[in-house]
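J.: Structure provided below as structure tokens; questions to follow.
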Amino acid sequence: MATTQETPVARRLKSIKHIIIVCSGKGGVGKSSVSAQLALSLHASSPTARVGILDVDLTGPSIPRMLGLDGHGVHQSSDGWVPVYADAASGGQARLACMSVGFLLKKKEDSVVWRGPKKNAMIRQFLSDVRWGELDYLVIDTPPGTSDEHLSLLEHMAPVHSRLSAVIVTTPQAVALMDAMKCLSFTRTVNLPVLGLIENMSGYVCPCCGEISNVFSTGGGEEMARREDLAFLGSMPVDTDLVTLLDAAEATKSEDMPDEAKLREQSFELLQRYQKTSSAKLFQNIVDKVVQTLPKVETLIPSA
């Protein structure tokens, strides 16, 4: 699938070092929350790390809400669409860029009723027209399963295939593991390297006593990784603090601050609050493994 052909997508992405596609065989396993945490943890891993997150779950975009970016709009520049920065209010250089179809909807409740060709065109535009700039990591949140969106992504990013890799998300129960195997089969069919597997919702941590209850079961993801010779990146229990944080991330308006400024401030507060959750500490171990597994990349030419 690799090629040296220079395309608009290749020119736009040539200054991105690593592209990580987060996928799952089944919906409801927490793939989008894992994508959000991966981007947040990569952002926090270094004071200079430049991270982008692209939401290509076109019919169910949830990344804007999870990053506290609801209500933001995308601006057009002479060099393409300007992504929304979750850390724009940090006072320093903004390093966490986000793009989603959710920013393009008039109302966040509006449905996206598109057939395959329209989805393909939207993904191509996200990849070729968004002004990502130089990034260390671009995390791509995909819809569950293996559908048009996945095939479109891989087709358009064929010129940068050497920088692509995937992370598979599952939960411990047998039904989710069966679908995770289908996702793994897809990556092997299209020659997409897999960094490893994350077992999400591996237990419930009681906020009162700290005892972990295995709601579904446990160890299924680790066993699958061992059987399929995959790296097991780690297990993530259900964290009530994280659930509360992401559910409360919807932006609200204030009369004493301009709308845009208030929205930027709220999204930055979410980044700070995330670092205090137990999930952030656990996920940092996963990120360390991801960074160690990523292929080495030569110095890249800045995009035009």
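Quick note: the coordinates plus some simple rules give every number you see, no bench work behind them. Every value quoted in this text rests on a predicted model; they were computed, and no experiment measured them. Here the Cβ is made from the backbone with ideal geometry for all residues, glycine too, and neighbour counts use every protein chain on show.
J.: Picking from Glu211, Glu149, Glu134, which is most flexible by a Gaussian network model of the chain using Cα springs under 10 Å?
T.: Glu211
J.: Another question about this same structure. When the helices in the chain are scored as -39500 (n - 2.57) per DSSP H run of 4 or longer and the sum is shared across all residues, what 222 nm value do you end up with, to the nearest 500 deg cm²/dmol? Walk me through the numbers on the way to the answer.
T.: Details: 10 runs with 111 residues, N = 304.
Helix contribution divided over all residues of the chain: -11000 deg cm²/dmol.
J.: Now for a separate question. Semi-axes of the equivalent ellipsoid of the range 26-127: what are they in whole Å, largest first, if each equals the square root of 5 times a C-alpha gyration tensor eigenvalue?
T.: Here the semi-axes work out to 23, 17, 13 Å.
J.: For Cys209 and Glu134, what is the calculated FRET efficiency with R₀ set at 41 Å and r taken between the beta-carbons, to the nearest 0.05?
T.: So, using R0 = 41 Å, E works out to roughly 0.30.
J.: What are the lysines whose alpha-carbon lies under 29 Å from the alpha-carbon of Lys119, with same-chain residues fewer than 8 places away excluded?
T.: Straight-line reach from Lys119, under 29 Å: Lys14, Lys17, Lys26, Lys31, Lys106, Lys107, Lys108, Lys182.
J.: Going by a ≥ b ≥ c, the root eigenvalues of the Cα gyration tensor, does the range 56-211 fall in the rounded group (a/c under 1.5), the prolate group (a/b larger than b/c) or the oblate group? Mind showing how you got there, number by number?
T.: Numbers: a/c = 1.59, a/b = 1.19, b/c = 1.33.
The shape class here is oblate.
J.: Tell me the volume per residue, in Å³, of the convex hull enclosing the alpha carbons of the range 1-69.
T.: Numbers: hull volume 9.4 nm³, N = 69.
Each residue corresponds to 137 Å³ of Cα convex hull volume.
J.: Let me know the Kirkwood hydrodynamic radius for the chain, please, with Cα pairs as the basis and the value in Å to one decimal.
T.: 19.6
J.: For the residues Ile16, Ile53, what sequence is obtained by ranking on other C-beta atoms within 10 Å, fewest first?
T.: Ranking Ile16, Ile53 by Cβ neighbours within 10 Å, fewest first, gives Ile16, Ile53.
J.: Show me, for the range 162-179, the HN-Hα J-couplings you get by feeding each phi into the Karplus relation (A = 6.51, B = -1.76, C = 1.60, θ = phi - 60°), rounded to Hz, glycine and proline as x.
T.: Once θ is set to phi - 60°, the couplings for the range 162-179 become 5, 9, 8, 7, 10, 10, 9, 10, 9, 10, x, 6, 4, 5, 5, 5, 4, 6 Hz.
J.: Sort out for me the Cα centre separation of the range 50-117 from the range 140-195, rounded to whole Å.
T.: 22
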